[in-house]
Amino acid sequence: MAVGRWGVGFLGTGQMATALASAWRRTECLDLSRSWAWDIQAAAREQFAQRIGLPLAASNREVASRCELLLLAVKPGDVEAVLEEIRPVLRPEHLFVSIAAGVRLQTLQDGLGGHRRIVRVMPNTGCLVGCGASGISAAPEVTPREVEQVEGLFRAVGYVCRVPETLLDAVTGLSGSGPAFVALIVEALADGGVLSGLPRNLALELAAHTVLGTARLILEDGRHPAQIKDAVASPGGTTIAGLHVLEKAGVRGVLQQAVWMATCRAKELAEGGQNPSTAEGCFSKK
Ligand SMILES: NC(=O)c1ccc[n+]([C@@H]2O[C@H](COP(=O)([O-])OP(=O)(O)OC[C@H]3O[C@@H](n4cnc5c(N)ncnc54)[C@H](OP(=O)(O)O)[C@@H]3O)[C@@H](O)[C@H]2O)c1
């Protein structure tokens, strides 16, 4: 479905709002004559307005009174203040899209005085380079057509999947936190290259391209990860020697636990928890 051109009200103009607005501008999804933005930081909003080429409002409230589609792109801790500010000017036709990590539909609905036309999106940092992974969950009051359109907007910055809200914490644990997990793996692979005699920069480039190529084989060629592994691991060869070390160290289980732990933490934060879980506490919840 064509996404169409939207007038978007940007509530917060930080790095994610900028990545989205740039992509929407490039793909002609953004109607610049009907879009407005505001950020509490003068430098952030001015840079945004200059880069995207849209006007600045004088407050979040003015953005909300001028635009029907609102993108909430402030940090989770700042959400309450923004909701409180815009609540008096909210109209039934407003479609509210929040990318704030871990802020539930119910919390948004309460903060907006019962307004129910809300879509929650959990993007990831890959969106900054147009290669993100986003999970979307909409309140039942949002029409299927509107959900498709919001989905189309996030497709401009990468892959999008629709999930029930109960699974958004798992999306946070996997693709939200995943870039950090993969970055750590890439760094470790590069260290392995250095240990084996490669110059640092070359090792890092080889490691990153290896992850990129493997992801493309899975996504574009439709190969299962096990097929790729088996095809590369020849009998008595180099790869099976390395795989043996990884399996002995329990790398699969460790990565599964990392995603599970991140999911638990996302749940805990969404429920208002402040203190980090212990691993034991987290696993005992399973
Ligand atoms: N970046 C990512 O990779 C990523 C991934 C998934 C989800 N998200 C979500 O996306 C949201 C935005 O993240 P980000 O990385 O773009 O954050 P960011 O770069 O820090 O941008 C947020 C902006 O909102 C401003 N702000 C704070 N309070 C405000 C208010 N009351 N009204 C208007 N603006 C206000 C901030 O100013 P101050 O600096 O003064 O606070 C900052 O300029 C977050 O909720 C985050 O959970 C981000």
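Give me log10 I(q)/I(0) at q = 0.17 Å⁻¹ for region 28-161, Debye formula, one equal scatterer per alpha-carbon, no solvent. Listed by q, the Debye log ratios stand at -0.97. Shape summary of region 177-249, radius of gyration then Dmax from alpha carbon positions: 13.1, 36 Å. Among Gln15, Gln149, Gln227, the largest mean-square fluctuation in a Gaussian network model of the chain, built with springs joining Cα atoms closer than 10 Å, belongs to Gln227.
Post the alpha-carbon centroid distance, region 46-75 to region 81-123, in whole angstrom. Comparing the Cα centres of region 46-75 and region 81-123, I get a distance of 15 Å.
Excluding Gly192 itself, what net charge comes from residues whose Cβ is under 15 Å from its Cβ, given Lys and Arg +1 and Asp and Glu -1?
On the way: positive: Arg200; negative: Glu187, Asp191, Glu205.
Charge balance in the 15 Å sphere: -2.
In the chain, the C-alpha radius of gyration followed by the widest Cα-Cα span (Dmax) gives 21.4, 70 angstrom.
Once the other residues with Cβ under 14 Å from the Cβ of Gln15 are scored (Lys, Arg +1; Asp, Glu -1), what is the net sum? Walk me through the intermediate numbers first.
Numbers: positive: Arg45, Arg51, Lys75; negative: Asp39.
Here the count lands on +2.
The mean accessible area for residues of region 8-164, using a 1.4 Å probe and ignoring ligands and nucleic acids, is 44 Å² per residue. Taking only protein heavy atoms and a 1.4 Å probe, the accessible area of the chain is 58% carbon and sulfur. Both radii come from the Cα set of region 226-267: Rg as radius of gyration, Rh as Kirkwood radius; their ratio Rg/Rh reads 1.19. Of all the options Ala215, Ala58, Ala73, the one that moves most in a Gaussian network model of the chain with Cα springs shorter than 10 angstrom is Ala215. Structure remark: mean-square fluctuation, Gaussian network model of the chain, C-alpha springs under 10 Å; the largest value among Ala21, Ala203, Ala249 belongs to Ala249.
Using the 1.4 Å probe convention, the accessible area of region 177-249 works out to 73 Å² per residue with neighbouring protein chains retained. The ellipsoid equivalent to the alpha-carbon distribution of region 42-95 has semi-axes of 20, 14, 9 angstrom, derived from the gyration tensor eigenvalues as √(5λ) and listed largest first. Is it possible to state the helix-based mean residue ellipticity at 222 nm for the chain, with each DSSP H run of 4+ residues giving -39500 (n - 2.57), the sum divided by total residues, to the nearest 500 deg cm²/dmol? What is it? Rounded to the nearest 500, the figure is -15500 deg cm²/dmol.
With K and R counted +1 and D and E -1, the other residues having a Cβ less than 10 Å from that of Trp24 yield a net charge of +1.
The values are calculated or read from the model by the stated rules, or taken from the named source; none is laboratory data. Fair warning: this is a prediction, and the values are worked out from it, not measured in the lab. Neighbour counts are summed over all protein chains in view; Cβ atoms, including those assigned to glycine, are modelled from backbone coordinates with ideal geometry. Heads up: the accessible areas ignore ligands, DNA and RNA and are worked out on the full protein's heavy atoms, side chains in. Shrake-Rupley method; radii C 1.70, N 1.55, O 1.52, S 1.80 Å.
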